[in-house]
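Accompanying notes for the structure given below.
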Amino acid sequence: MILDKLQNSIKSLFFYLILTIICISLFPIATTFMDRLPEQNQNTASLSDCEQTLDALLKPMTVTALQQPLPQGYRVEMEDGEILFVSPAVLLSALLEDEIQSMPSGWKEQPAATQAILMRIIGLHSALLEKMGDRSENMTDEELNNSCWLTAQDCTDTARPLTSEDISISDSILETAANCACRYFLSNDGNIAGQCGSITIRQIYDRLQNGETPSQIWSQLCGDEYQLESAQNQ
């Protein structure tokens with residue numbers, strides 16, 4: 001019996017020795033992985049970061065809350081003629097993905113970059129809402145339910161043409177910014193300020209880097225009487 005106990009003790013000791021060796025060998029890998037996590041998180045804009053930046057952008061402006069929410073999505077005709085019901089955040093992200101590629105290296109570390117993206121989303125959304133308003137103004141309820149509200153040409157005029165394969169979000173910063181800013185659009189003297197959708201992210205970014213303020217840029221694009229409209233999506 002003593003011999004059996006001794007053998008069991010040796011087996012247990014041997015098992016714990018192997019387990020200790022495995023843990024020691026995995027420690028550098030785990031340390032490296034944990035060290036990389038902050039680096040990955042630094043490259044992704046959080047919703048709170050975008051909301052704080054957006055609040056700073058809106059402070060000098062008049063923000064009017066709409067009585068009704070904006071639509072949950074928009075009926076968009078793709079280049080191939082297919083009509084898809086697309087959420088505002090997905091649509092705006094898809095249209096602006098190419099513009100992100102034109103940003104200078106290191107832009108993710110520049111505070112002006114988040115401002116520029118949020119401003120571009122609000123301006124582009126304004127332009128698309130103006131086009132949708134013009135297109136749907138005389139539509140019947142049946143036409144609203146079956147016809148497109150935006151066409152491929154509308155998208156080309158404001159950003160770029162879309163296909164059904166483009167309708168996805170691949171850039172996390174764009175996704176976060178779009179979810180934050182797509183409930184806003186600009187108006188001027190009661191009319192949606194669609195011309196604010198003509199300037200690109202890079203152009204806004206460069207002007208911010210040169211010392212212009214968001215209010216100065218919007219005033220030049222949309223007029224002195226511009227204001228922001230806000231509506232929470234359902």
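The values are calculated or read from the model by the stated rules, or taken from the named source; none is laboratory data. These figures come from a predicted structure and were not determined experimentally. Glycine also receives a Cβ, built like all others from the backbone with ideal geometry; neighbour counts cover every protein chain displayed. The area values use the complete protein model at the heavy-atom level, side chains included, leaving out ligands, DNA and RNA. Shrake-Rupley method; radii C 1.70, N 1.55, O 1.52, S 1.80 Å.
At 1.4 Å probe size, what's the solvent-accessible area of PHE185? Round to the nearest 10 Å².
20
Please work out whether region 122-234 counts as rounded, prolate or oblate from its C-alpha gyration tensor, where a ≥ b ≥ c are the square roots of the eigenvalues and a/c under 1.5 means rounded, while otherwise a/b larger than b/c means prolate and anything else oblate?
Because a/c hits 1.5 or more and a/b fails to exceed b/c, region 122-234 counts as oblate.
Students sometimes get this wrong: rank ARG135, ARG120 by accessible area, probe 1.4 Å, all chains present, largest first.
Largest to smallest exposure gives the sequence ARG135, ARG120.
Under a point spin-label approximation (7 Å from Cα along Cα-to-Cβ), what is the LEU66-ASN191 distance to one decimal in nm?
For LEU66 paired with ASN191, the spin-label model returns 1.9 nm.
Roll a 1.4 Å probe over the protein chains and send me the accessible area per residue for region 122-227 in Å². The partial results should precede the final answer.
Values: 4940 Å² over 106 residues.
About 47 Å² of surface per residue is accessible.
Nearest 20 debye, what's the magnitude of the dipole of region 88-139 about its Cα centre given +1 on Lys and Arg Cβ and -1 on Asp and Glu Cβ?
So the dipole magnitude of region 88-139 works out to roughly 80 debye.
At 0.36 nm per residue, minus the direct Cα-Cα distance, what do SER219 and GLN101 gain on full extension? Give it in nm, one decimal, please. Present the calculation step by step, with values, prior to reporting the outcome.
Values: separation 118, 0.36 × 118 = 42.48 nm, distance 2.68 nm.
Result for the pair: 39.8 nm of gain on full extension.
Calculate the spin-label point distance for ARG160 paired with ASN138, positioning each point 7 Å from the Cα along the beta-carbon direction, and give it in nanometres.
3.5
Could you give the dipole magnitude of region 96-234 about its Cα centre, charging the beta-carbon of Lys and Arg +1 and that of Asp and Glu -1, in debye to the nearest 20?
That gives region 96-234 a dipole magnitude of about 480 debye.
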